[in-house]
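Structure record follows, encoded as structure tokens.
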Amino acid sequence: MINLNLIKRAISTDKTVKLRTNYNQYTFDVAVQLTKQQIKTIFNNLYDVDIVSVNTYILPRKKKRSSFGLKYGYKSHYKRAIIKIKPGQQLTLK
């Protein structure tokens, strides 16, 4: 059973679209506690593709404040995973 809350969202920016079309790499925000091996097995089971490599990095927390500027806080930090799959295969993103 795969917990879908561990995969936050797929990232779609200009840079990630270039990675997707040129290098067959897909970018996702995932839960911080996941390891590379866990990410690989989740995507193997979920999308049924062969994964070549998984690269991850944790983005730093950003400072935010309320609309009146009285309260300060932080956005939660998260992990971003770049997944490379075998040539000829592709993920169907919804």
Item to complete: From (1) at negative phi; (2) touching a residue at least 60 places away in the same chain (Cβ under 8 Å), pick out the condition that doesn't hold for Leu70.
Response: (2)
Worksheet item: If Tyr78 satisfies every condition in (1) aromatic (Phe, Trp, Tyr); (2) surrounded by 13 or more Cβ atoms within 10 Å (Cβ to Cβ); (3) over 14 Å from the mean Cα position of the chain (by Cα) but one, which is the exception?
Response: (3)
Practice prompt. Any residue in the stretch 26-38 that's surrounded by fewer than 15 Cβ atoms within 10 Å (Cβ to Cβ) and at pLDDT 95 or above: show its pairings with residues that are outside any loop (DSSP other than H, G, I, E, B) and polar (S, T, N, Q) at Cβ separation under 7 Å, as long as the two are six or more apart or on different chains.
Written response: Lys36/Thr56
Fill in: Residues (small (Gly, Ala, Ser) and part of a strand (DSSP E or B)) located in the stretch 1-46
Ala10
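The values are calculated or read from the model by the stated rules, or taken from the named source; none is laboratory data. Bear in mind that the values here come from a model prediction, so they are computed numbers and not experimental data. Note that we place each Cβ from the backbone using ideal geometry, even for glycine, and neighbour counts take in every protein chain shown.
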